[in-house]
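Enquirer: Below is one structure. I have some questions about it.
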Amino acid sequence: YGQPADMQAINYLSEKYGFVVLEDAAQAHGAEFFGKKVGSLGHLSAFSFYASKNVPMGEGGVIATNDDKIAKEVKKWIDFGEHPAFNVRITEFQAAIGAIQLKHLDERNRRRREIAKRYSESINSSFIHPTEREGAYHVYHLYTLRHKERDRIISLLKENGIDARVYYSYLLSELRGAEHLPLTNAERFKKEVFSIPVHPYLTEEEVEKIIHSLKAVEVFV
């Protein structure tokens, strides 16, 4: 949702066991871990530019790496030609939009962090809210809460005009071929998590309304 994983631990295991680290940075544009930007912490990384992301371009994405061998292999797959591949090139129009969006990324991330801080300081302890990992710079693509009465809370928030949502409704263990994966904690969290608006264009009045609504719904759950 915008917070870096513990990349020190992951890279330690990578060095110990010899596996490649692919960062899923789709929701973490501008995030940092101990001063280093997400996307530069593994062997390669993938960013998404979907319309709702912190750098929106409508659709598309990018793969980043400083490994020449990996870069050469990736290029074979993104532009059909001598190697079996797909045409997944970003258009020049999309790239132009992305270049402009990048200029506003830091400012928008700061606003997301301001709103998230307001939520975390105001929301009652009956909700489990996100906390920032040591060394991390969280960019809050989503502000996700946990509560055992999740579905009831979402219903009440929607009645108040708050766009509360569940963004990911299934787990990896529900995909064909991965049914054997034991995801006990994720199964529980799946039934409890939901997100509230945290985009940088929220007005102060809208932020206050969301906070007030969250406090109000607790009376009914």
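Enquirer: Please give the charge dipole size of the range 101-208, origin at the Cα centre, charges +1 on K and R Cβ atoms and -1 on D and E Cβ atoms. Round to the nearest 20 debye. List each step's numbers first, then the result.
Expert: Working: 19 positive and 18 negative charges, 54 e Å.
The dipole magnitude comes to about 260 debye.
Enquirer: Residue by residue, what Karplus-based ³J(HN,Hα) values in Hz, rounded to whole numbers, does the range 104-112 have, using 6.51, -1.76 and 1.60 with θ = phi - 60° and x for Gly and Pro?
Expert: 9, 4, 4, 4, 5, 5, 4, 5, 4
Enquirer: Let me ask something additional. Give me L202, L13 sorted ascending by neighbouring Cβ count inside 10 Å, so fewest comes first.
Expert: Values: L202 18, L13 11.
Sorted ascending by nearby Cβ count, the order is L13, L202.
Enquirer: Can you find, among S173, P200, N124, the residue sitting farthest towards the positive end of the charge dipole of the chain, where Lys and Arg contribute +1 and Asp and Glu -1 at Cβ?
Expert: The residue sitting most towards the positive pole is N124.
Enquirer: Next up: Rank H141, H199, H180 by mean-square fluctuation in a GNM of the chain with C-alpha springs under 10 angstrom and give only the top-ranked residue.
Expert: So, out of H141, H199, H180, the one fluctuating most is H180.
Enquirer: Related question: Cα centroids of the range 23-78 and the range 88-143: how far apart, whole angstrom?
Expert: One Cα centre to the other: 16 Å.
Enquirer: Using a Gaussian network model of the chain with C-alpha springs under 10 Å, which one of A28, A46, A71 is most mobile by mean-square fluctuation?
Expert: A71
Enquirer: Using the structure shown, select from K158/K215; K36/K69; K117/K158; K53/K76 the pairs with a Cα to Cα distance greater than 19 angstrom.
Expert: With Cα atoms farther than 19 Å apart: K36/K69; K117/K158; K53/K76.
Enquirer: To continue, here is another question. Just I97, I210, I196 to compare: in a GNM of the chain, with alpha carbon springs under 10 Å, which one fluctuates most?
Expert: It is I97.
Enquirer: Sticking with this structure for a sec: Please report, to two decimal places, log10 I(q)/I(0) for the range 7-103 at q = 0.20, 0.23 Å⁻¹ as given by the Debye formula with identical point scatterers on the Cα atoms and no solvent.
Expert: -1.09, -1.25
Enquirer: Which angle between 0 and 90 degrees, to the nearest 10, do you get for helix 7-17 versus the longest principal axis of the chain when only C-alpha atoms count?
Expert: 40 degrees
Enquirer: Then there is this: What 222 nm value per residue comes from the helices of the chain, counting each DSSP H run with n ≥ 4 as -39,500 (n - 2.57) and dividing by all residues, nearest 500 deg cm²/dmol?
Expert: So the calculated ellipticity at 222 nm is -11500 deg cm²/dmol.
Enquirer: Related question: Cross-link partners among aspartates and glutamates for K75, C-alpha distance below 15 Å, same-chain residues fewer than 8 apart left out?
Expert: D67
Enquirer: Shifting gears a bit: Restricting attention to the range 143-183, which chymotrypsin sites (Phe, Trp or Tyr not before Pro) occupy a DSSP loop and are surrounded by at most 15 other Cβ atoms within 10 Å?
Expert: The qualifying sites are Y167, Y168, Y170.
None of the figures in this text is laboratory data; all of them are computed from the coordinates on show. These numbers come from a predicted model, not from an experiment. We place every Cβ from the backbone using ideal geometry, glycine too, and count neighbours over all the protein chains shown.
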